[in-house]
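Participant: Please see the structure below; I have some questions.
Every number here is computed from the coordinates shown, using simple stated rules; none is lab data. Small disclaimer: the values here were computed from a predicted structure and weren't measured. Counting neighbours? That spans all protein chains shown, and the Cβs are built from the backbone with ideal geometry, glycine included.
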Amino acid sequence: MNNTGLLVVFSGPSGVGKDTVLQRLLQRCPQVRLSVSATTRSPRAGEEDGKDYFFLDHEVFEEQIRQGKMLEYAEYCGNYYGTPSVPVETWMSQGNDVILEIEVQGGAQVQQKRKDCVSIFLLPPSMKVLENRLRGRGTEAEETIQKRMKAAREEVGKAFQYDYAVVNDDLEETVTTIIQILESEKFRVSRNKDFLERMLEIC
Ligand code: 5GP
């Protein structure tokens with residue numbers, strides 16, 4: 001069957017628990033790689049350059065866009081965020097599934113450019129639960145929380161454009177569901193045409 005890894009767009013509003021879900025997914029699935037994005041926003045406490053994000057100046061980010069080095073990019077809450085192309089392509093060609101944890105504008109760009117991608121939208125059990133989680137994080141000012149809740153309402157409306165919508169209530173169940181989605185996707189006929197054609201040539 002096809003040995004190329006999957007390209008997975010993974011989106012959801014800020015505070016929905018994307019990072020926790022992905023960290024657990026990485027523990028359970030050694031073949032999965034998480035793309036490290038570039039951003040112009042400042043690091044939060046505990047975040048490391050090159051691990052959580054590549055923290056870039058505005059000018060450097062714009063230069064990388066001009067040079068075509070971003071698979072996608074978007075402006076979100078006043079900052080640039082983008083996916084460097086090279087590591088994604090390398091990992092996929094080595095058979096690793098690559099997850100892009102990106103917001104919806106970037107998600108739409110990848111879906112447009114790469115028709116073979118799998119897109120998953122992570123939902124909170126409710127918008128109220130989301131607001132409580134954002135406040136509980138304690139890392140954001142009130143103005144930022146309001147901005148992020150407004151963005152979250154708009155983002156959840158974009159879930160209709162994704163292939164899958166998964167509600168993040170119980171962590172292990174959420175991760176199991178995502179693993180099942182990825183496993184099923186690998187058996188799509190459209191991903192395995194070469195294999196089928198080779199089989200027919202042999203007989
Ligand atoms: P945060 O500032 O909370 O780390 O991220 C804010 C938003 O930016 C999140 O929705 C996150 O998924 C999104 N994001 C992170 N990296 C990228 C990226 O490379 N491209 C795009 N389009 N969005 C990203």
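Participant: In whole Å, what is the distance between the alpha-carbon centres of segment 93-157 and segment 17-41?
Facilitator: About 13 Å separates the Cα centre of segment 93-157 from the one of segment 17-41.
Participant: Something else about it: Assuming R0 = 22 Å, what is the FRET efficiency of E75 and E154, from their Cβ-Cβ distance, to the nearest 0.05?
Facilitator: 0.95
Participant: Then there's this: Beyond 25 Å between alpha-carbons counts as too far, so tell me which of K115/K147; K115/K150; K51/K158; K150/K186; K113/K158 fall in that bin.
Facilitator: Pairs exceeding the cut-off: K115/K147; K115/K150; K51/K158; K150/K186.
Participant: Follow-up question, since we're still on this one. Tell me the volume per residue, in Å³, of the convex hull enclosing the alpha carbons of segment 1-148.
Facilitator: Roughly 126 Å³ of hull volume per residue.
Participant: So what is the calculated 222 nm ellipticity per residue for the chain, using -39500 (n - 2.57) for each DSSP H run with n of 4 or more, over all residues, to the nearest 500 deg cm²/dmol?
Facilitator: -13500 deg cm²/dmol
Participant: For segment 133-181, count all C-alpha to C-alpha pairs, find those more than 15 Å apart, and express that count as a whole percent of the total.
Facilitator: Result: 61 percent of Cα pairs exceed 15 Å.
Participant: Right, something else. Highest mean first, how do 76-85, 187-196, 96-105 rank when packing is the count of other Cβ atoms within 10 Å averaged over residues?
Facilitator: Highest mean packing first, the order is 96-105, 76-85, 187-196.
Participant: Separation between the Q31 and I181 pseudo-spin-labels, each 7 Å from Cα along Cα→Cβ, expressed in nm?
Facilitator: Once both label points are built, they end up 1.8 nm from each other.
Participant: For the chain, modelled as a GNM with alpha-carbon contacts under 10 angstrom, which of E142, E89, E131 fluctuates the most?
Facilitator: E142
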